[in-house]
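Peer 1: Next up is a structure, given as structure tokens.
The values are calculated or read from the model by the stated rules, or taken from the named source; none is laboratory data. Bear in mind the structure is a predicted one, so any value in this text is a computation, not a measurement. Virtual Cβ from ideal backbone geometry, glycine too; neighbours counted across all protein chains shown. The accessibility values were calculated without ligands, DNA or RNA, using every heavy atom of the protein model including side chains. Shrake-Rupley method; radii C 1.70, N 1.55, O 1.52, S 1.80 Å.
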Amino acid sequence: MADDFVIAAGAVLTPQLLWNSKIRPDALGRHLCEQPKTFCQIVLKEKFIKELRNRRYTELTSDMENAIYKHEQEHPKDPIPIPFTDKAPQVNMPVTEENPWHCQIHRDAFKYGAVPENVDDRIIVDLRWFGLIEPRFENRVKFEDSLSDIHGLPQPTFEFELTPKDALHAHRMMSDMVDAAVVLGGFLPGSEPRFMNIGSSLHITGTVRMGPESDVDGRTSVVNTYGKVRKTSNLWLGGNGVIDKGTACNPTLTSVALAIRSSRRIMKEKDISASGVENDD
């Protein structure tokens, strides 16, 4: 029998396991946060291709110019002066107070961003904007004791709604993405600007959120700031669901940092020596 137990099964399955185990603090499944997401794909303007072919960009390094020259020599009939092996663009713009969204201009491997085989993806660029929302007690995943999922566990049901403020920010985010897109080119048919379904970013947080020690009854949080479940002595949680704030980017690094902190705390409580345990704060 283990002395301590850690559950890190994702932001939906983790609270589902607790619910099924009759561990049901008021905050369980509550404060669910997910990111409003906009998406489009553009075909780069022809003028950018011509300017690249004519070397009119001062940002070009000698390595870039050499790569373009080599490509042109090896493929003289190719109208696009971009090497076939050129790496995909990856541009990131972080959240700001004025614009509470995170922007990505890139080519990625999302299934819904796949380019038809008859389209040269060297001139296709994806734009994805991820919005930041405020946690709300009303947004939640709840579990139905009278219904079971395919695993025989209580079926999860989602209740989620944007506040008027968050909805306004989402529409501002869409406008911002469109403004950026039209500078770069025209929309690829079938990939015009759209809001993606809520949940498509797979960045759910808050469902087993952490909170201060004063919340001993779990009314506003499921775990303390070290990941220990309220009113338990040896049950710990990890993963994105522990994060108590909204995010507009991939929360994995935050979850990893919290998991390391929790691990050090467990070892400290068990008087197990490890490098850095004394600095678990």
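Peer 1: Can you find, within the stretch 213-240, the residue that is nearest to Pro25 (Cα to Cα) among those that are surrounded by fewer than 19 Cβ atoms within 10 Å (Cβ to Cβ) and under 25 Å from the mean Cα position of the chain (by Cα)?
Peer 2: Residue satisfying both the conditions and the ranking: Thr220.
Peer 1: Looking at the stretch 32-49, is at least one residue farther than 23 Å from Ala181 by Cα, out of contact with any His (no Cβ under 9 Å at 6 or more places or on another chain) and in contact (Cβ under 8 Å) with a residue 12 or more places away in the chain?
Peer 2: yes
Peer 1: Within the stretch 36-49, does at least one residue satisfy the condition of being at pLDDT 95 or above, within 18 Å of Lys142 (Cα to Cα), of a type in the set (Ser, Thr, Tyr) and in contact with a helix residue (DSSP H, G or I) (Cβ under 7 Å, 6 or more places away or on another chain)?
Peer 2: Taking every residue of the stretch 36-49 in turn, none turns out to be at pLDDT 95 or above, within 18 Å of Lys142 (Cα to Cα), of a type in the set (Ser, Thr, Tyr) and in contact with a helix residue (DSSP H, G or I) (Cβ under 7 Å, 6 or more places away or on another chain).
Peer 1: Let me ask another. Against the conditions (1) of a type in the set (A, V, I, L, M); (2) open to solvent by less than 80 Å² (accessible area, probe 1.4 Å); (3) farther than 30 Å from Tyr69 by Cβ, where does Ala88 fall short? Just the number, please.
Peer 2: (3)
Peer 1: Filter the stretch 217-251 for residues that are outside any loop (DSSP other than H, G, I, E, B) and either in contact (Cβ under 8 Å) with a residue 40 or more places away in the chain or in contact with a His (Cβ under 9 Å, 6 or more places away or on another chain) (or both); which is farthest from Asn99 (Cα to Cα)?
Peer 2: It comes out as Leu235.
Peer 1: Among the candidates Val119, Val95, Val178, Val141, single out the residue that is out of contact with any strand residue (DSSP E or B) (no Cβ under 6 Å at 6 or more places or on another chain), crowded, with 16+ Cβ neighbours inside 10 Å and either in contact (Cβ under 8 Å) with a residue 12 or more places away in the chain or assigned to a strand (DSSP E or B) (or both).
Peer 2: Val178
Peer 1: Next up: Taking the stretch 60-78 as the search range and keeping residues that are loosely packed, with under 11 Cβ neighbours inside 10 Å and in a loop (DSSP other than H, G, I, E, B), which one is modelled with the lowest pLDDT?
Peer 2: Among those residues, the one meeting the criterion is Thr61.
Peer 1: Ile272 versus (1) farther than 30 Å from Thr96 by Cα; (2) modelled with pLDDT of 90 or more: which is the lone unmet condition?
Peer 2: All conditions pass for Ile272, except number (2).
Peer 1: Of the numbered conditions (1) at pLDDT 95 or above; (2) surrounded by fewer than 16 Cβ atoms within 10 Å (Cβ to Cβ); (3) under 21 Å from Thr247 (Cβ atoms), Thr157 fails exactly one; give the number of that condition.
Peer 2: Result: Thr157 fails condition (3) only.
Peer 1: Can you tell me which residues in the stretch 2-43 are within 30 Å of Val115 (Cβ to Cβ) and in contact with a Leu (Cβ under 6 Å, 6 or more places away or on another chain)?
Peer 2: Cys40, Gln41, Ile42, Val43
Peer 1: Working carefully through the options Thr96, Thr85, find the one that is farther than 24 Å from Ile204 by Cα and either among the hydroxyl-bearing types (Ser, Thr, Tyr) or at pLDDT 95 or above (or both).
Peer 2: Step by step, each of Thr96, Thr85 is checked, and only Thr85 is farther than 24 Å from Ile204 by Cα and either among the hydroxyl-bearing types (Ser, Thr, Tyr) or at pLDDT 95 or above (or both).
Peer 1: Output the number of residues of the stretch 98-116 satisfying the condition of being outside any strand (DSSP E or B) and out of contact with any Pro (no Cβ under 8 Å at 6 or more places or on another chain).
Peer 2: Selection size over the stretch 98-116: 12.
Peer 1: Could you check how many residues of the stretch 1-53 are open to solvent by less than 10 Å² (accessible area, probe 1.4 Å), aliphatic (A, V, I, L, M) and within 23 Å of Ser233 (Cα to Cα)?
Peer 2: Residues that pass the stated criteria total 2.
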